[in-house]
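Input: a single structure, listed below in structure tokens.
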Amino acid sequence: MKFEEFGLDAKIIKSIEQMGYKRPTDIQFKAIPAILKGEDVLAIAQTGTGKSAAFVVPVLQLLQKKRRNKEHTGVRCIVMVPTHELALQITEVFKQIGKYTALRFTAIYGGVDQTEQVNRLQEGTDVLIATPGRLFDYLNQGHLKVYNAEMLILDEADHMLDLGFFKDIEDLIKYLPKNRQTLFFSATIDKKIKKLAYSLVRKPIRIQISPKNPVAKNIDHSVANINMDDKRFFLERIVKENPDKKILVFARTKVRCERVLKAMERVEINSVTIHSDKTQDERNKAMTAFKSGEVKLLIATDVSARGIDIPNVDYVVNYDIPEQPENYVHRVGRTGRGKQKGYAVSFCSEEEIDLLTEIEKYVGQAVDVTELDRNEYADTIDFSSETSNDWKSLMRDAEVEEENYKAAKKKRRKKK
């Protein structure tokens, strides 16, 4: 099937063709017709399957077909997302596919001055892409009118729940008309997600793509058993043996991110980091440098794992095993986007074996193990060009960090 067969406006088809899209992906094939009919949709699909275009294309068609009522003011479609990066990414998709239409798109998110965003809202917008915090700031300040919104879209809904936005979503509903169309998109689903979804949608069309194995089949993912203190040597080797490859590394905390960056600096590897301590401008610059290929190594916390579409990521490295099993799926899903082949490797220390076990239960199968014999292991450490001789200092830092991690983990268990 081709996009033309959906009966889309010629202006939208023109953009789609220019972007090189030939045929819809599975999620697009199933979601677009239902959305065009005005149905509520609950869609569960793996990352990298084209979820964004699955709602952007039909939303543009519906808004383009149904001209704005002059008596109705304010936003026509709200897309709520969990992170700044995802807000910017989805806005870009709307702009690319809708560039030949007269529709207007605005992203609002925290971490930046309000003036420019408020000015754009006052000029008028058809589609608003927003993070919950900034959306409610503008609602409370009177800068935003949503009572005539025709559509509400929740993207990466599971991550919004993880970040504690359940009440924000419930509060937003109070401002919206009851006869709106609601689209609910997520890469994972559990009881909490179902509860939220069915409180928002009316007799939804449920679409689920590849539910048995949440990791896309074109991603080759494996695990290597590596001591916590030796992980930097193995990362160094991967980077130096693949100098032209784009590599995305995930670390447990922002402190760990910066420590990995310092370790790479010591062996003359250029990298950038992205985490919650970075300003929005710093995060944007890091993403731009990595996306363009100016920097080949990006080190991130899970803030970047959800829904972000970074083109041509060759390798994902889980420097630390994620504490939430579903985050494993989102992390490795940054490679192997669309029909591309992707590779992911996880460095698992003895302390992280329980976390790996939970991941294997979640994905429904054992993760392939990359066996390292003693000689290979020793060769990798010898391979390192790290010149620092202050081993006692490095070991001391590692011990302090691990003690802090164990203490935090123990505290979380007590809360449960």
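Odds and ends about this structure:
- Taken together, the residues in the range 1-26 that are of a type outside the set (S, T, N, Q), touching a residue at least 60 places away in the same chain (Cβ under 8 Å) and under 18 Å from Gln96 (Cβ atoms) amount to 6.
- Scope the range 308-341; condition more than 14 Å from Phe250 (Cβ to Cβ) and either of a type in the set (Lys, Arg) or part of a strand (DSSP E or B) (or both); matching residues: Arg337, Lys339, Lys341
- Matching residues, the range 177-198, being in contact (Cβ under 8 Å) with a residue 60 or more places away in the chain and either closer than 19 Å to Arg76 by Cα or part of a strand (DSSP E or B) (or both): Gln181, Thr182, Leu183, Phe184, Phe185, Ser186
- If only residues of the range 216-232 that are over 29 Å from Leu36 (Cα atoms) and among the aliphatic types (A, V, I, L, M) are counted, the one that is surrounded by the most Cβ atoms within 10 Å (Cβ to Cβ) is Ile226.
- Qualifying residue in the range 10-30 (condition: crowded, with 24+ Cβ neighbours inside 10 Å, more than 27 Å from Arg331 (Cα to Cα) and β-branched (Val, Ile, Thr)): no
- Enumeration of residues in the range 72-104 that are in a strand (DSSP E or B) and either outside the structural domain of Ser186 (by TED's automatic domain parsing) or at pLDDT below 95 (or both): Met80
- Test result for Leu183, in the same structural domain as His84 (by TED's automatic domain parsing) and either of a type in the set (Lys, Arg) or in contact with a Ser or Thr (Cβ under 9 Å, 6 or more places away or on another chain) (or both): no
- Members of the range 369-379 found to be outside any helix (DSSP H, G or I) and surrounded by 12 or more Cβ atoms within 10 Å (Cβ to Cβ), listed by number: Val369, Thr370, Leu372
- The condition of being basic (Lys, Arg), over 26 Å from Phe94 (Cβ atoms) and either touching a Lys or Arg at 6+ places or on another chain (Cβ under 7 Å) or buried (at least 17 other Cβ atoms within 10 Å of the Cβ) (or both) holds for only one of Lys296, Lys291, that being Lys296.
- Taken over the range 106-117, the criterion of being touching a helix residue (DSSP H, G or I) at 6+ places or on another chain (Cβ under 7 Å) and surrounded by fewer than 24 Cβ atoms within 10 Å (Cβ to Cβ) is satisfied by Thr106, Tyr109, Gly110, Gly111, Val112.
Listed here are the residues, each with its yes/no results for (1) farther than 19 Å from Asp229 by Cβ; (2) loosely packed, with under 11 Cβ neighbours inside 10 Å; (3) assigned by TED's automatic domain parsing to the domain that holds Asp314; (4) modelled with pLDDT of 90 or more.
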residue	(1), (2), (3), (4)
Gly333	yes, no, yes, no
Ser349	no, no, yes, yes
Glu358	yes, no, yes, yes
Asp382	no, yes, yes, no
Tyr405	no, no, no, no
Lys416	yes, yes, no, no
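- The sole residue among Lys174, Lys203, Lys195 that is surrounded by fewer than 20 Cβ atoms within 10 Å (Cβ to Cβ) and more than 25 Å from Leu63 (Cα to Cα) is Lys195.
- Residue in the range 38-48 that is over 19 Å from the mean Cα position of the chain (by Cα), in the same structural domain as Val127 (by TED's automatic domain parsing) and either assigned to a helix (DSSP H, G or I) or among the aliphatic types (A, V, I, L, M) (or both) present: yes
- Number of positions in the range 118-132 that are touching a Phe, Trp or Tyr at 6+ places or on another chain (Cβ under 8 Å) and free of Cβ contacts under 8 Å to residues at least 40 places away in the same chain: 2
- Contact annotation: residue pairs with Cβ atoms under 9 Å, 6 or more positions apart or on different chains, pairing a residue in the range 94-105 that is aromatic (Phe, Trp, Tyr) with a partner that is crowded, with 20+ Cβ neighbours inside 10 Å and in a loop (DSSP other than H, G, I, E, B), are Phe94/Leu103; Phe105/Gly98; Phe105/Thr125; Phe105/Asp126.
The values are calculated or read from the model by the stated rules, or taken from the named source; none is laboratory data. A quick note: this is a predicted structure, and the numbers were derived from the prediction, not measured. All Cβ positions, even for glycine, are placed from backbone atoms using ideal geometry, and neighbour counts span all protein chains on display.
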